[in-house]
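The values are calculated or read from the model by the stated rules, or taken from the named source; none is laboratory data. What you see is a predicted model, and the numbers here were worked out from it, not measured in a lab. When we count neighbours, we look across all protein chains shown, and the Cβ atoms used for this are built from the backbone with ideal geometry, even at glycine. Keep in mind that these areas ignore ligands, DNA and RNA; they rest on the heavy atoms of the full protein, side chains included. Shrake-Rupley method; radii C 1.70, N 1.55, O 1.52, S 1.80 Å.
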Amino acid sequence: MKFTRRDFLTTAAKGALITALPAGAIKFLGPDEVRADIDSSGKVRWAFLVDTFKCVGCGLCVKACKNENETPYGAPVTRTWVERYIIKKNGEMLADTPLGARDGFTDNKVRGDEVDPKDIGKAFFVPKLCNQCDSPPCVQVCPVGATYQVGDGVVLVDRSWCIGCGYCIMACPYGVRFFHPVHKVAEKCNFCYHRITKGMQTACVDACPFGARKIGNLKDPEDPVTKIVLTERVGVLKSEYGTKPQVYYLGLDENVR
Amino acid sequence: MKSHAWRPLWLILGLVGIILLARPLVVPSDFGTGERGFMYGYHRKSNEDEWKAFKVKYRTKEYCKDCHQENYESSMSSKHNAIQCENCHGPAVDHPEEPAKLVIDKSRAQCLRCHSYLPYEQSHRSKIKGIDPKEHNPDMECSMCHNPHKPNLGG
């Protein structure tokens, strides 16, 4: 069989056409992806907004969270907590959260040492809670499928399925997870899933007298939280980990980690 | 044909068979890939409803105001109107059935959460009227002079 010049040219043209095809054109979407593409609008994606300017470090959110979610009140574990940052004029940084700020910050002592008000460059409070990441590393590492993300973005722990191995506690870059002293399983903030699914606010949002905490639905463009996230300068914690955290902060400082 | 290789092979095949037979009995039937796919959504579906059924304890002011209208209105007209009743009175849960009586936190520590002055200019804390708890009537309960529902003296 003779390979003519015409044959060579047509084969070469076909080859070029195939290589020019974008990979996406021959990619098959899984059923989940197709469904997600179709009905991603009009659904729910829970997100949280923290205004650090408004937080006064009273700790009423921590108190309410512990009571609401039956976290042992005296134990040094909590689903949400408030951190105090004091950055001195000489650059030294002090940070503390005694008992997760369950009883608030009532004096100017950091770990027993009084801080001279004249030395303070800046000082503020930062509430922390689960970031309900879009790519949650804690879920990836679970060996038994006991922790998972619901379609609305909240990461839950199945207490009857968790074996208490603690991988997720180590995997969370934010230190949000802890071992529940009573149930002996991994425990974490779940945005008060029993409240938000009933149309209520989370216990910490309700307890905060200053409006420092807000919860909202990112898929609703009219939601006040969505509007702030889209129009104001917000930051997230440890974005370099690629976890896509969904707790947004107003007034975040570079010293906060 | 006899070989030393066959016996361990049968053993392994038998074990695989037992695991495959036992799996449907051990794994709940609603275990599967959820909305977030295999990597993030592999879970027992009924657990979502278990979490949704968790008991709500803090019922907010809306729950209190029908029976305690007078106290609701006095607190709403004061500077403390942003504070939930349950922040001091404790979670209502199913009050008045259970618990019949709520334990009120009237402690000094409760007031000092906000009203102990801290010199943190960048935080809203320094804008709240605050005291030095060591100087300001250290042995007295705040509520002996200040009405928490109407905190201005004489109000």
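Which residue is nearest to A:GLY100 (Cα to Cα), if the candidates are limited to the stretch A:151-192 and must be within 13 Å of chain B (Cβ to nearest Cβ) and without any contact (Cβ under 8 Å) to a residue 24 or more places away in the chain?
Here the residue is A:ASP158.
So B:ASN87 fits all but one of (1) at the interface with another protein chain (Cβ under 9 Å from one of its Cβ atoms); (2) of a type outside the set (Asp, Glu); (3) open to solvent by 30 Å² or more (accessible area, probe 1.4 Å); what number is the exception?
The failed condition is (3).
What are the pairs, 6+ residues apart or on separate chains, where a residue within the stretch B:108-121 that is within 7 Å of another protein chain (Cβ to nearest Cβ) has its Cβ under 7 Å from a residue that is among the acidic types (Asp, Glu)?
Partner pairs satisfying both residue conditions: B:ALA109/A:ASP103; B:SER116/A:ASP107.
Taking the condition open to solvent by less than 70 Å² (accessible area, probe 1.4 Å) and more than 13 Å from chain A (Cβ to nearest Cβ), does B:SER126 pass?
Taking the combined requirement at face value, the residue does not satisfy it.
Does any residue of the stretch B:32-44 turn out to be at pLDDT below 95, small (Gly, Ala, Ser), touching a helix residue (DSSP H, G or I) at 6+ places or on another chain (Cβ under 8 Å) and surrounded by 10 or more Cβ atoms within 10 Å (Cβ to Cβ)?
yes
Of these, A:VAL126, A:VAL176, which one is at pLDDT 95 or above, in a strand (DSSP E or B) and open to solvent by less than 60 Å² (accessible area, probe 1.4 Å)?
Result: A:VAL126 is the single residue among A:VAL126, A:VAL176 that is at pLDDT 95 or above, in a strand (DSSP E or B) and open to solvent by less than 60 Å² (accessible area, probe 1.4 Å).
(1) more than 19 Å from the chain's Cα centre (by Cα); (2) open to solvent by 50 Å² or more (accessible area, probe 1.4 Å): which one isn't true of B:TYR63, the others all being true?
Against the list (1) more than 19 Å from the chain's Cα centre (by Cα); (2) open to solvent by 50 Å² or more (accessible area, probe 1.4 Å), B:TYR63 comes up short only on (1).
Give the stretch B:131-147 a look and list any residue that's open to solvent by 70 Å² or more (accessible area, probe 1.4 Å) and under 20 Å from B:GLN84 (Cβ atoms), or say none.
The one that is open to solvent by 70 Å² or more (accessible area, probe 1.4 Å) and under 20 Å from B:GLN84 (Cβ atoms): B:ASN147.
Assuming B:SER75 fulfils every condition listed in (1) within 11 Å of chain A (Cβ to nearest Cβ); (2) surrounded by 13 or more Cβ atoms within 10 Å (Cβ to Cβ) apart from one, which condition is it?
(1)
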